[in-house]
Structure formats: C-alpha cells, structure tokens
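K.L.:
Below is one structure. I have some questions about it.
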Amino acid sequence: MKQLASLTGAASLGTLSAVDQAFAAELSGLPDLVTGSLASLRDRYLLDPDVTYFNHGSIGTTPRIVHEARAAYLRTCETNPWLYMWGDAWEEPLEQVRQKAAGLLRCEATELALTHNTTEGFNTLAAGLDLGPGDEVLFSSLNHPGASICWNHYAEIKGFQVRRFDFPVLEMPRLTAADVLDAYDRAIAPRTRVLVFPHIDNIVGLRYPVKELAALARSRGVELIAVDGAQSVGMIDVNLNELGVDAYCASPHKWLQAPKGLGLMYVREDVQRQIRPMWVTWGQERWKGSARMFEDYGTRNLPEVLTLGDAIDFQESLGAPAKERRYRELWELFRAAGESSGTVIWRSPTDWSLSASLYALEIEDIPSQAVFEHMYGLHKFVFRPFRTQGLNTVRISLNITNTEAEIARFFELLKDVPQH
Ligand SMILES: Cc1ncc(COP(=O)(O)O)c(C=O)c1O
C-alpha cells in the first residue's frame, strides 16, 4: 500500500508496475478461504463498521487495494490527460484488461466490449439487432428492467413485438430445473426470435440452468439468446465456452467489486455482424470485426476500466470454488435461522444448484418496506425490500465477508420489528 501511495503522483507508466507490485503483496497476503480467517479479509474493505451490508446484489463494495489502484490511475491521468486518454500509453493496458476479463468468462477478447453496465449491453442489442414486424422478443417477469425496458422502447420504433410472461415466482421453493425449462418451453412461440433471461434473477435469486435453456430455445428456433449476467459475474463461475448463448451482459460493480459504472458485454463472434453499434463515432470503423466496436462513445473512463483488471485479480485470488462454498454455507445458515424463527417464509429456491447468494424472505404479516425501515433506520442493516408479483419480501445478498454473527444479530433484531 505504501508503494502505491508514494507513486500515485508519478506521470509515467511506473504507476502500472507500482500497482502490480502492491497487488502482488496484497494478494499473497489474502487469507485462504478454507482455512484462513475471514475476519482478516473483511479488514481489506472500506465498509463503515456500523453498517451491516446485506446488499451486495444491488451494488458491491470495492476492496481497499482496488480503490487505491483506481486512485493511482486517476492521479496519473491528471498529470498529462492527453497522453493517457488520447495518446497510446494506456492502449496496451486496456487490452490486457479485456484479455483478463475474457479469461474470467472463458471467451475471446475480441468478443468482449468494455461497457458501463448491463443496461448498456441490452440497449446495444435492442437498438442494434435487425428486428421488425412479425418478430418477437420474449422474457419473463423475472427479467430485470435493465434487460427489459430497452426492448419495449425499440419495439415502438421498429415495429417488433415484446412479450413478457408471468414466471410462477410464488412457487419458487418447489420448482426444479425441469419446471423452469418447462415454463420457458410453454412460452416460446414460432415467432420468438430473441429470448432474454437472467443467469441469476435479482428478486428471488434463481440460478437458471442456462446451458439447458439455451439448447431448448435453440431447438425451438430462437435465433438470439441474450443472458443477463448482472448477478452472476463475480459471484459464480461463468464459462461462456459452455453456455451456448449469443450475448451476455454484466455489471462488474456488483460481485466483481469493481468501480461503479463498468460493464461487460459478450457478443459471440458470428453474431457481431447482426448488430449495428448503438454508439457511433470513429471507433466503429476502426474496430470493426471485434466487439470493441460496441464500446466507443468518445472520451471514456479509462482509469476505472484499468481498475477492472485489478478487481478481477482480487476476486480470482479468492477463487470461485472457495467463494461458492462460503456462499452456500451462509445460505444454509440463513435458511436454518429463518426456519427456527417461526415467522420467516423462505421464498427462494430450496435446492442449492438452483440458488445463489441472493435470496428472498417474507416476514409474516409485516410489509417488507416496514422491515427495511426498522432494520436500516435503527440498526443500519442494508438490504432490499420487494413488493412485486405477489411477493412481500426482503432480499438478502451476502458476500463472503459477511459473518455468522451478523446473521444471528439480524434474526435477533427482527423480533422487535413492530407488527402492522
Ligand atoms: C439482474 C439484473 N440485471 C440488470 C441490472 C441492472 O444493472 P446496471 O444498473 O448495472 O445496468 C441489475 C441491477 O441490479 C440486476 O440485478
């Protein structure tokens, strides 16, 4: 960390190697998630100690070392903005970030655009695909607005149809993977050209059987399968080589704990030609033939984009399997504590293979907004209330730094939320 502090003013590429050195030291000191102390991992974050953060699904918190790296890039940039923004000093480092992200998601770097967020990725698809009268875009009520509203907007302009079907969300605890596939199988129609669904939805945290659903949609004649990875990238292992989808959009500011306002959009190589870029300036010509043509909107947030590489390093050093083990442990604890409380109804899947570190609980007879106001107002617990599609739930999304003690305290304090 000291190395970083002393070099943050350097107007040279030295900043990059200083960040690398500081990172190497930090990462070699991270605890092993199986045998090490998770408490020491928590110290590597900037979270207010008075806050109990159960809302990693809305927005992540950046590790201190990643934040420091970003500050170093920002400071360096200001020493000679022309050089870093428009000279080619950061051209190679930018491409290294793309390579790193492609390695994480198991795709080609030329298939990955570095966008601002998931919403931008879906806007690019809705704006750029050649859709018109007679074509249908299909998604369910579990789709997030960021992956949905853009389709309605462009449907009005281009004349295609959007159909949103009701997912049986109230039956979620009983659903199997076959039930999920069946719901989509019944909804897909001969005119469905585009299917959109989340890898993990943001309301109840259903982990979709993506590969199986993509294969099913393909067999039913769907041409473009676009997946919303906002809640999956950084939380679970995502292998685009295996999923068989055409496009995949994500928001690294959630589970990758990257700076806010960074996105990833995968577009399979042979699909890129079917999409006209949404932003148009000189880069669309220059980067034709690679997904980079989708990201050039003029002057951009290069210091943040460089920091994405550091965020990926941090997460990869923790290891996806170890993270998943910890998420599952916390999920089991939450379920058990909910069951023994006698007042909590579990509204999410009950099989871990369909679950994620994001789940929904109903507190019997109390509106979820009132639960939130009490728990945040008095005790600074951060989570998200939902009142939608017949649900009255609080959504809990824990990261590996959350603790058993926090979960116990949550259920203890819940007893004092006044009845309504
Ligand atoms: C499943 C899902 N999709 C899309 C989004 C939108 O993300 P962003 O605002 O980063 O585009 C979110 C945000 O919470 C989400 O949970």
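K.L.:
Beyond 30 Å, what share of the Cα-Cα pairs of the stretch 96-314 is found? Please give it as a whole percent.
P.N.:
18 percent
K.L.:
Give, in nm to one decimal, the length gained when the segment between Thr79 and Arg163 is fully stretched (0.36 nm per residue of separation minus the Cα-Cα distance).
P.N.:
Separation in residues times 0.36 nm, less the Cα-Cα distance, equals 25.1 nm.
K.L.:
In the stretch 69-209, carbon and sulfur make up what percent of the accessible area (probe 1.4 Å)?
P.N.:
51 percent
K.L.:
Kirkwood hydrodynamic radius (Cα pairs, Å) of the stretch 79-170?
P.N.:
16.0 Å
K.L.:
With a 10 Å radius around each residue's Cβ, average the other Cβ atoms per peptide and rank 132-142, 223-233, 57-67, 180-190, highest first.
P.N.:
Final packing ranking: 223-233, 57-67, 132-142, 180-190.
K.L.:
Determine the order of Asp351, Asp310 by accessible area, beginning with the largest, at a probe radius of 1.4 Å.
P.N.:
Greatest to least solvent exposure: Asp351, Asp310.
K.L.:
Starting from the exponent 0.38 and prefactor 2.2 Å, build the expected Rg for the stretch 192-300 from its residue count and divide its actual Cα Rg by it.
P.N.:
Normalised Cα radius of gyration, the stretch 192-300: 1.13.
K.L.:
Report the local net charge at Ala183: Lys and Arg +1, Asp and Glu -1, summed over other residues whose C-beta lies under 12 Å from its C-beta.
P.N.:
-4
K.L.:
Taking 0.36 nm per intervening residue step and subtracting the Cα-Cα distance, what contour gain separates Val51 from Gln21 on full extension?
P.N.:
7.7 nm
K.L.:
The stretch 53-120: D in µm²/s via Stokes-Einstein (Kirkwood Rh, Cα pairs, 20 °C, 1.002 mPa s)?
P.N.:
149 µm²/s
K.L.:
If you keep only loop residues by DSSP, which GluC sites (Glu not before Pro) in the stretch 326-420 have at most 13 other Cβ atoms within 10 Å of their Cβ?
P.N.:
Passing both the DSSP loop test and the Cβ count: Glu364.
K.L.:
With equal scatterers on the alpha carbons only and no solvent term, can you work out the Debye log10 of I(q)/I(0) for the chain at 0.06, 0.08 1/Å?
P.N.:
The Debye formula, applied to the Cα set alone, gives -0.26, -0.46.
K.L.:
Send over the per residue convex hull volume for the stretch 244-321, Cα only, as a whole number of Å³.
P.N.:
110 Å³
K.L.:
Antiparallel as a % of all DSSP beta bridges within the chain, to the nearest 5?
P.N.:
The answer is about 50 percent antiparallel.
K.L.:
Using a 7 Å offset from the Cα along the Cα-to-Cβ direction at both Lys211 and Asp270, what is the distance between the two label points in nm, to one decimal?
P.N.:
1.9 nm
K.L.:
Here's a follow-up. Using a cut-off of 11 Å between beta-carbons, work out the net charge of the residues near Ile200 (Lys and Arg +1, Asp and Glu -1, Ile200 not included).
P.N.:
Surrounding charge for Ile200 is 0.
K.L.:
Plugging the Kirkwood radius over Cα pairs into Stokes-Einstein for the stretch 321-414, at a temperature of 10 °C and a viscosity of 1.306 mPa s, what D comes out in µm²/s?
P.N.:
117 µm²/s
K.L.:
Still on this model: If you average the alpha carbon positions of the stretch 143-187 and of the stretch 363-396, how far apart do those two centres end up, in angstrom?
P.N.:
25 Å
K.L.:
Next question. Accessible area per residue for the chain in Å², computed with a 1.4 Å probe and the full protein assembly in place, what is it?
P.N.:
41 Å²
The values are calculated or read from the model by the stated rules, or taken from the named source; none is laboratory data. Because the structure is a prediction, the values reported are computed rather than measured. For neighbour counting, all protein chains shown are included, and Cβ atoms are generated from backbone atoms with ideal geometry for every residue, glycine included. All accessible areas refer to the heavy atoms of the entire protein, side chains included, with ligands and DNA or RNA removed. Shrake-Rupley method; radii C 1.70, N 1.55, O 1.52, S 1.80 Å.
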